[in-house]
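One structure is given below, encoded as structure tokens.
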Amino acid sequence: MTSACPAGASPSAVAAARRMVVKVGSSLVTNDGRGLDLEAISRWSGQIAALMRAGKQVVLVSSGAIAEGMQRLGWPRRPRQVHELQAAAAVGQMGLAQAYESRFAEHGRHSAQVLLTHADLADRARYLNARSTLFTLLDLGVVPVINENDTVVTDEIKFGDNDTLGALVTNLVEADVLVILTDQTGLFSADPRHDAAATLIAQAQAGDPRLEEMAGGAGSSIGRGGMITKVLAAKRAARSGASTVIASGREREVLLRLAEGERIGTQLDADVPVLTARKQWLADHLQLRGRVVIDAGAARALRSGGKSLLPIGVTEVLGEFARGDVIACVDGQGQEVARGLVNYSSAQARLIARRPTAQIEDILGFIEEPELIHADNLVVSSAG
């Protein structure tokens, strides 16, 4: 990990990227919450159009719909009621789509509005459909403008923030790099608002646990919806081999300068084995149907890679789930070891837990599979 870009450092990951996802935060596309900043949207559109002329494919994840809806409805404060937020999003999405379409048209490009929920990506068929649609749009030279479908979303199926959505889309389209543009310079070693000695982290490895501490931790006042979500998004994007750049969107021509190789903000490099497309899909599940607690031997076997979870290694079954649901495998301390598609329901799993495979048919009267979760349908979450 470094706090400054050393001499002879490699250029920005954006320079070599063929396909990229750009996430633009609401603070950059709105006038302090008072509707859309059309001049800013024009700048983003111009830069993205230039990147496309240079041969890059770009997917845009943009916030701003609720702020635009509030402005159109004349609401001075952000509402708290879910149905009012959804109404604002529905009205604002019209303005957001119009703004991007008109600005991209000035550069000879079409845009396409794509609204997603976690349910769209949790279902394998819908996941593949979304993937195919985005690939087709990119091949046509159209800019997909993606946002969470706030009009219908509920807490149970929310991505939670557009940083997470950006990372999931990065994995979905197998992008080379995720660029998160924000109103901050990048990731610092400490909160620069309170620590004058804080230094900018120019480059680090995505997934380094020290980064989460620097970002404030999930429960801190500066972490909620702030830098921590960007660090976790980088960790998630790394699963498909994508690096992440966190930079200030207020920097002049920031996307073009990054594409020219200039190092701006913080670059978090992917240093983990790239998962297959199927296992990326498993890893990207935000909501899990249940958990099984596994013993130390099973935890070691799963963490070593390539091993299935057998019923005999399960000590406890938590939650209610059906065959084919995605569940977590946790160790005795509650740390997630792996997750995968389960072959038995929770009721059946409770009956065969701690039992050898040879007894499954005697206990249940049938045997679906000898494993509770097969290795092909399991992805390791923690190396221990």
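A few remarks follow.
- Looking across region 110-124 at every residue that is outside any helix (DSSP H, G or I) and not acidic (Asp, Glu), the one that is nearest to residue 340 (Cα to Cα) is identified as 117.
- The set of residues in region 180-210 being open to solvent by less than 40 Å² (accessible area, probe 1.4 Å) and without any contact (Cβ under 8 Å) to a residue 12 or more places away in the chain consists of 198 alone.
- Restricted to region 211-241, and to residues there that are at pLDDT below 90, open to solvent by 60 Å² or more (accessible area, probe 1.4 Å) and not in a loop (DSSP other than H, G, I, E, B), the residue that is nearest to residue 265 (Cα to Cα) is 213.
- Residue in region 152-167 that is part of a strand (DSSP E or B) and buried (at least 17 other Cβ atoms within 10 Å of the Cβ) present: no
- Members of region 340-369 found to be touching a residue at least 40 places away in the same chain (Cβ under 8 Å), open to solvent by 30 Å² or more (accessible area, probe 1.4 Å) and of a type outside the set (Asp, Glu), listed by number: 354, 355, 356, 357
- Cβ-Cβ contacts under 7 Å between residues 6 or more apart (or on different chains), taken from a first residue in region 284-311 that is touching a residue at least 24 places away in the same chain (Cβ under 8 Å) and open to solvent by 20 Å² or more (accessible area, probe 1.4 Å) to a second residue that is assigned to a helix (DSSP H, G or I) and of a type outside the set (A, V, I, L, M, F, W, C), are listed as 286/118; 287/118; 287/156; 295/313; 310/357.
- Residues that are surrounded by 15 or more Cβ atoms within 10 Å (Cβ to Cβ) and among the polar types (S, T, N, Q) were ranked within region 370-384; the one that is farthest from the chain's Cα centre (by Cα) is 377.
- The one condition in (1) in contact with a Gly (Cβ under 6 Å, 6 or more places away or on another chain); (2) surrounded by 24 or more Cβ atoms within 10 Å (Cβ to Cβ); (3) of a type in the set (A, V, I, L, M, F, W, C); (4) within 26 Å of residue 375 (Cα to Cα) that residue 270 fails to fulfil: (2)
- Given (1) open to solvent by 10 Å² or more (accessible area, probe 1.4 Å); (2) not in a strand (DSSP E or B), index of the condition residue 23 fails: (2)
- Considering region 48-106, the residues that are more than 27 Å from residue 141 (Cβ to Cβ) and not in a helix (DSSP H, G or I) include one that is least open to solvent (accessible area, probe 1.4 Å), namely 79.
The values are calculated or read from the model by the stated rules, or taken from the named source; none is laboratory data. The shown structure was predicted, so the numbers you read here are calculated from the model rather than taken from an experiment. Don't worry about glycine lacking a Cβ; one is built from the backbone with ideal geometry, like all the others, and counts go over all protein chains shown. Each accessible area value is taken on the protein alone, full model and side chains, heavy atoms only, with ligands, DNA and RNA left out. Shrake-Rupley method; radii C 1.70, N 1.55, O 1.52, S 1.80 Å.
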